[in-house]
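Asker: This is the structure, below, for whatever I ask next.
The values are calculated or read from the model by the stated rules, or taken from the named source; none is laboratory data. Given the structure is predicted, the values throughout are model-derived calculations rather than measurements. When we count neighbours, we look across all protein chains shown, and the Cβ atoms used for this are built from the backbone with ideal geometry, even at glycine.
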Amino acid sequence: MQFILFTFIQYTALVRKITKVFVIIIGCIIALNILLFLVFSIPAVQKAAADFALKKLKPIVKTEISIETVRIRLFNTIELGGLYVEDQRQDTLLYAGKLSGRINIWNLLDNHLSIEKVGLKDFRANVYRDTKEAPFNFQFLIDAFASDKPKPETTKEPMKISINNIRLTNGTLSYNILSEPQTPGRFNPDHFFVRDFKLI
């Protein structure tokens, strides 16, 4: 009887310790999110974060990019305000009043980048190509982030990337193949313009 009582006391103490550690971890995560939220609410920090991101991106894409604000929302949501991207002819490729994304940080432990939600609001996108065979005006972005280096042989699985929810609101989208003739008053798949574009 004493042995059973002693074992029960040990078990109870162990459960309390595990619970205490778990509560501390959850508390630290919440505190970190609140701290990041407060820090990134400061305009000077937002500007510094935007400048840092642009300093890294511009040499890669070799075109004009600007970001007005960078904010971290509760919980695990990053928001960019006033995102502007030019194409290689210095025309507007994309302007977004707000681009936001929420990441599931727990899935990173399983080598999985899970983007729970991506939102693009108040945006203008201008997509074109010179001919039907020519590349699109955003091809340079794909090329900039593509690697020419051969992939090393490894037994490690590549990181999984998934996007679970995409929401587009209040957008303007234009698409043109510049070499093809216009047909005013008739639908033309080579030239179209959409206002108030939404995808929810």
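Asker: One residue is enough: does the range 89-109 have a residue meeting the conditions charged (D, E, K, R), surrounded by 11 or more Cβ atoms within 10 Å (Cβ to Cβ), out of contact with any Gly (no Cβ under 9 Å at 6 or more places or on another chain) and modelled with pLDDT of 90 or more? Walk me through it before giving the result.
Answerer: Step one: of the range 89-109, the residues charged (D, E, K, R) are 89, 91, 98, 102.
Remaining after also requiring surrounded by 11 or more Cβ atoms within 10 Å (Cβ to Cβ): 98, 102.
Then drop every residue that is not out of contact with any Gly (no Cβ under 9 Å at 6 or more places or on another chain), which leaves none.
The answer is no, given that none of the residues of the range 89-109 is charged (D, E, K, R), surrounded by 11 or more Cβ atoms within 10 Å (Cβ to Cβ), out of contact with any Gly (no Cβ under 9 Å at 6 or more places or on another chain) and modelled with pLDDT of 90 or more.
Residue-by-condition table, conditions (1) at pLDDT below 90; (2) in contact with a Phe, Trp or Tyr (Cβ under 6 Å, 6 or more places away or on another chain); (3) within 27 Å of Ala44 (Cβ to Cβ); (4) not in a strand (DSSP E or B):
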residue: Gly81; (1), (2), (3), (4): yes, no, yes, no
residue: Leu113; (1), (2), (3), (4): yes, no, no, no
residue: Val118; (1), (2), (3), (4): yes, no, no, no
residue: Ala125; (1), (2), (3), (4): no, no, no, no
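Asker: Here is a follow-up. Could you check how many residues of the range 56-76 are closer than 20 Å to Gln90 by Cβ and assigned to a helix (DSSP H, G or I)? So that I can check it myself, show each step before the final result.
Answerer: Quick first cut of the range 56-76, residues closer than 20 Å to Gln90 by Cβ only: 57-68.
Then drop every residue that is not assigned to a helix (DSSP H, G or I), which leaves 57-61.
Number satisfying all stated conditions: 5.
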